[in-house]
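Asker: If you scroll down you'll find the structure; I have some questions about it.
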Amino acid sequence: MSYIAGVDIGNSTTEVCVGEVTDRGNVTFLTSASCPTTGTKGTIENVYSVKNALKLAMSRIGRETSDIDLVRLNEAAPVIGDTAMETLTETVITDSSMIGHNPSTPAGAGQAVGEILLIENISRAVPGTAYILAASSEHSYEEVAAVINQHEEVEIVGIILQADEAVLVENRIHKQVPIIDEVRRIDRLPDGVPAAIEVALPGQTIRMLSNPYGIATLLGLTAEETRTITPIAKSLIGKRSAVVLKTPGGNIHENVLPAGEIYFYGDKNVTISLDEGADKIMAAAEDAGDIRDISGQPDTNVGNMLSRIRTGMSELDKSAEADIRITDILAVDTLAPVLISGALAGETCLEKAVGIAAMVKTQKLPMQEIAAHLTTDLGTDVKVAGVEAVMASLGALTTPGTKLPLAILDMGGGSTDAAIIDESGHVNLTHQAGAGELVSMLIQTELGLSDRHIAEEIKKYPLAKVESLFHMRMENGQMTFVDESIDPRFFGRVVLLTENGLVRIEEEIPMEKIVQVRREAKRKVFVTNAFRALKKVAPDHNLRNISTVVLVGGSAEDFEIPEMLMEAFTDYRIVCGRGNIRGTEGPRNAVATGLVLSYIGEMEG
């Protein structure tokens with residue numbers, strides 16, 4: 001008897017399956033395990049996660065990795081995702097600026113226009129001139145209020161504070177004016193320049209400063225200046241409060257980087273502009289047929305992005321014969337927050353963008369090098385054994401209730417594989433860019449999250465809003481009551497319902513928006529890629545010739561993707577559902593299981 005281990009190196013996780021195989025070709029599956037993949041999929045850094053996963057799997061049956069007789073690895077093709085802006089105008093602001101701001105706790109309500117007056121210069125105020133007073137955090141709220149009350153002859157029509165103290169100041173002054181706080185870079189505020197501030201009533205949003213022509217009206221701008229401040233106005237849409245200021249005689253210039261064109265080299269060479277959007281880009285990719293390589297127009301957004309992906313792969317494969325090619329892309333439309341350079345509080349405006357996952361291949365992936373390292377480290381035979389989609393198909397067949405012919409969708413972190421096994425055992429397969437990591441990237445981009453980890457969590461778990469210490473409103477509208485009080489730090493916040501308890505979303509984003517962005521990102525990536533992949537492998541490229549689809553891979557564990565796909569396939573009368581590998585593993589471990597099963601096939605052959 002021999003211990004045979006199948007190892008599936010994925011973009012996100014490395015999975016192991018260990019089986020005991022007799023001389024007669026009978027197999028008994030003993031154990032399985034998974035751990036995070038170290039390094040980029042298909043590179044030498046993967047050795048560490050393979051060893052960790054094997055050690056964990058063997059420890060579960062009281063054995064050592066030295067007891068394994070043969071390790072079989074999958075062929076691992078890396079997939080790298082990046083985002084390209086469709087339109088991006090960067091406004092670089094030097095001595096002069098027009099800035100907008102949206103603090104979370106303004107005070108007062110209304111609009112005000114006046115000159116900026118630093119609080120330390122209040123004695124220089126000229127009677128009859130309207131001023132907007134600015135105070136740094138060096139001045140306490142008591143001091144600010146006292147100065148304003150002492151100088152009632154000065155026409156102060158609005159206040160800008162660095163500290164988060166708008167309400168405290170409002171409660172202590174004798175006049176009602178709009179107050180903006182939390183302006184972090186108040187040191188950049190120049191004295192004596194025109195400014196406009198606006199605070200909306202509770203439950204409402206600003207109207208003048210979120211409109212370029214409203215800003216032009218308040219600050220008396222020319223048509224050219226109005227065009228320049230459009231990004232500011234866009235960044236303030238839906239905000240509760242804002243301040244916009246203008247310094248005269250400034251030096252505002254724009255650095256416009258074109259979106260650029262994508263070049264497909266395939267059965268037919270096709271060129272498409274990124275400005276055309278994701279649908280036309282994917283139509284062009286289909287029109288190109290069997291793609292050998294993809295590149296972008298030099299010195300453009302998409303050209304720089306594809307060049308960056310290619311360079312990243314060349315860093316991983318430094319061999320002289322390296323032939324690095326991008327063989328597939330998935331493009332999806334999205335919105336990305338663009339930082340307005342020179343703004344005083346990190347303001348951004350949403351620009352249309354195209355998210356792209358690209359599949360990068362080299363002439364020779366370092367899989368044999370990985371196998372050689374593992375042979376030395378483990379003291380056992382290691383073999384690169386099979387293509388992922390074929391192995392996944394073999395593993396999927398261990399799902400109860402399946403038979404040939406069978407189609408599988410292997411949805412991982414970086415790629416979506418599809419394969420069909422016909423009744424004679426022939427496999428037709430495809431390997432396509434775009435899966436879970438692209439979804440996370442879209443969620444992070446559209447919600448403007450600083451941390452990719454929280455985007456991953458949003459992708460994986462449902463949401464709720466904690467409305468009291470004893471009940472939550474779930475994202476589907478259902479009310480859930482709890483016996484023990486909820487931690488007060490979750491009160492009024494949107495939370496993720498994870499298996500380890502509640503996780504608070506730190507950003508102030510409405511639950512409904514997060515749900516919408518999450519579902520749209522999954523639909524754009526997984527539903528689009530599922531149809532694209534299955535059409536490639538279906539008989540006569542017709543989905544109606546497929547009767548059964550088994551979903552495998554890490555993304556098939558998602559709480560809503562399988563249901564999305566079941567709905568999408570309804571019109572084609574396709575039976576679609578999560579796989580349950582070996583009746584115990586759920587949709588995971590299909591490739592690793594297939595690698596063990598394929599060893600038996602080789603024995604019999």
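Asker: If I ask for residues that are touching a Ser or Thr at 6+ places or on another chain (Cβ under 9 Å) and in contact (Cβ under 8 Å) with a residue 24 or more places away in the chain, which ones from segment 20-30 would you list?
Answerer: Answer for segment 20-30, where residues must be touching a Ser or Thr at 6+ places or on another chain (Cβ under 9 Å) and in contact (Cβ under 8 Å) with a residue 24 or more places away in the chain: 21, 29.
Asker: List every residue pair whose Cβ atoms lie under 6 Å apart, where the two residues are 6 or more positions apart in sequence or sit on different chains, the first residue falls within segment 35-61 and is without any contact (Cβ under 8 Å) to a residue 24 or more places away in the chain and small (Gly, Ala, Ser), and the second residue, located anywhere, is in a loop (DSSP other than H, G, I, E, B) and surrounded by fewer than 21 Cβ atoms within 10 Å (Cβ to Cβ).
Answerer: Qualifying pairs under 6 Å: 39/45.
Asker: Is it the case that some residue within segment 250-263 is modelled with pLDDT of 80 or more and open to solvent by 40 Å² or more (accessible area, probe 1.4 Å)?
Answerer: Scanning segment 250-263, I find at least one residue that is modelled with pLDDT of 80 or more and open to solvent by 40 Å² or more (accessible area, probe 1.4 Å), so the answer is yes.
Asker: Among 104, 66, 59, which is over 19 Å from residue 391 (Cα atoms), at pLDDT 65 or above, open to solvent by 60 Å² or more (accessible area, probe 1.4 Å) and in contact with a Lys or Arg (Cβ under 9 Å, 6 or more places away or on another chain)?
Answerer: 104
Asker: Could you tell me which residue of segment 186-213 is surrounded by the most Cβ atoms within 10 Å (Cβ to Cβ), considering only residues that are over 27 Å from residue 119 (Cβ atoms) and within 33 Å of the chain's Cα centre (by Cα)?
Answerer: 210
Asker: Exactly one condition in (1) part of a helix (DSSP H, G or I); (2) touching a Gly at 6+ places or on another chain (Cβ under 6 Å) is not met by residue 413; state its number.
Answerer: (1)
Asker: What residue, of 177, 183, 167, is farther than 11 Å from residue 132 by Cβ and crowded, with 19+ Cβ neighbours inside 10 Å?
Answerer: Matching residue, one of 177, 183, 167: 183.
Asker: Does segment 535-542 contain at least one residue that is open to solvent by 10 Å² or more (accessible area, probe 1.4 Å), out of contact with any Ser or Thr (no Cβ under 6 Å at 6 or more places or on another chain) and closer than 22 Å to residue 413 by Cα?
Answerer: The answer is yes, given that some residue of segment 535-542 is open to solvent by 10 Å² or more (accessible area, probe 1.4 Å), out of contact with any Ser or Thr (no Cβ under 6 Å at 6 or more places or on another chain) and closer than 22 Å to residue 413 by Cα.
Asker: Can you go through 340, 326, 309 and tell me which one is touching a Pro at 6+ places or on another chain (Cβ under 9 Å), at pLDDT below 90, open to solvent by less than 20 Å² (accessible area, probe 1.4 Å) and farther than 30 Å from residue 54 by Cα?
Answerer: From the options 340, 326, 309, the qualifying one is 340.
Asker: Which residue, of 439, 525, is closer than 30 Å to residue 292 by Cβ, touching a Lys or Arg at 6+ places or on another chain (Cβ under 8 Å) and part of a helix (DSSP H, G or I)?
Answerer: 439
Asker: Let me ask something else about it. Looking only at segment 391-407, which residues are over 19 Å from residue 537 (Cα atoms) and part of a helix (DSSP H, G or I)?
Answerer: none
Asker: Now a separate question. Which residue pairs have Cβ atoms closer than 7 Å, lie 6 or more positions apart in sequence or on different chains, and pair a first residue in segment 115-141 that is free of Cβ contacts under 8 Å to residues at least 60 places away in the same chain and closer than 12 Å to residue 169 by Cβ with a second residue that is open to solvent by 20 Å² or more (accessible area, probe 1.4 Å) and not in a loop (DSSP other than H, G, I, E, B)?
Answerer: What qualifies is 119/147; 141/168.
Asker: Of the residues in segment 569-581, how many are out of contact with any helix residue (DSSP H, G or I) (no Cβ under 6 Å at 6 or more places or on another chain) and either surrounded by 24 or more Cβ atoms within 10 Å (Cβ to Cβ) or in a helix (DSSP H, G or I) (or both)?
Answerer: 2
Asker: Moving on to the next point. If you check residue 531 against the conditions, is it open to solvent by 10 Å² or more (accessible area, probe 1.4 Å), assigned to a helix (DSSP H, G or I) and aromatic (Phe, Trp, Tyr)?
Answerer: Yes.
Asker: Tell me, which helices (runs of 4 or more DSSP H) wholly within segment 143-249 include 3 or more residues that are closer than 22 Å to residue 122 by Cα and touching a residue at least 12 places away in the same chain (Cβ under 8 Å)?
Answerer: Hits in segment 143-249: 166-170.
Asker: So residue 161 ticks every box in (1) farther than 21 Å from residue 133 by Cβ; (2) among the aliphatic types (A, V, I, L, M); (3) within 36 Å of the chain's Cα centre (by Cα) but one. Which box is left unticked?
Answerer: (1)
Asker: For segment 522-568, name all the residues that are among the β-branched types (Val, Ile, Thr) and under 24 Å from the mean Cα position of the chain (by Cα).
Answerer: 525, 527, 528, 552, 561
Asker: Quick check on residue 553: is it open to solvent by less than 20 Å² (accessible area, probe 1.4 Å), touching a strand residue (DSSP E or B) at 6+ places or on another chain (Cβ under 6 Å) and within 16 Å of residue 388 (Cα to Cα)?
Answerer: Taking the combined requirement at face value, the residue satisfies it.
Asker: Tell me which residues, restricted to segment 436-469, are out of contact with any Ser or Thr (no Cβ under 6 Å at 6 or more places or on another chain), of a type outside the set (D, E, K, R) and over 27 Å from residue 337 (Cα atoms).
Answerer: Those that are out of contact with any Ser or Thr (no Cβ under 6 Å at 6 or more places or on another chain), of a type outside the set (D, E, K, R) and over 27 Å from residue 337 (Cα atoms): 466, 468.
Asker: Then there is this: With 233, 200 as the choices, which residue is of a type in the set (A, V, I, L, M) and at pLDDT below 85?
Answerer: Result: 233 is the single residue among 233, 200 that is of a type in the set (A, V, I, L, M) and at pLDDT below 85.
Asker: Only residues that are β-branched (Val, Ile, Thr), assigned to a helix (DSSP H, G or I) and either more than 24 Å from residue 309 (Cβ to Cβ) or without any contact (Cβ under 8 Å) to a residue 24 or more places away in the chain (or both): list them for segment 352-390, please.
Answerer: 375, 376, 390 - these are the residues of segment 352-390 that are β-branched (Val, Ile, Thr), assigned to a helix (DSSP H, G or I) and either more than 24 Å from residue 309 (Cβ to Cβ) or without any contact (Cβ under 8 Å) to a residue 24 or more places away in the chain (or both).
Asker: Being modelled with pLDDT of 85 or more, open to solvent by 70 Å² or more (accessible area, probe 1.4 Å) and either of a type in the set (A, V, I, L, M, F, W, C) or touching a Ser or Thr at 6+ places or on another chain (Cβ under 6 Å) (or both) narrows it down to one residue among 216, 284, 223, 288; which is it?
Answerer: After ruling out the rest, the residue left standing is 223.
Asker: Can you tell me which residue among 463, 449, 409 is open to solvent by less than 20 Å² (accessible area, probe 1.4 Å) and under 15 Å from the mean Cα position of the chain (by Cα)?
Answerer: 449
Asker: Restricting segment 1-42 to residues that are of a type in the set (Gly, Ala, Ser) and surrounded by fewer than 20 Cβ atoms within 10 Å (Cβ to Cβ), which is modelled with the highest pLDDT?
Answerer: Among them, the one singled out is 2.
Asker: Picking from 415, 319, which residue would you name as being modelled with pLDDT under 80 and among the polar types (S, T, N, Q)?
Answerer: 319
The values are calculated or read from the model by the stated rules, or taken from the named source; none is laboratory data. Note that the structure is a prediction, hence the values are computed from the model and not measured. Cβ coordinates were reconstructed from backbone atoms using ideal geometry, including for glycine residues, and neighbour counts include every protein chain displayed. Side chains included, ligands, DNA and RNA excluded: accessible areas come from the protein's heavy atoms. Shrake-Rupley method; radii C 1.70, N 1.55, O 1.52, S 1.80 Å.
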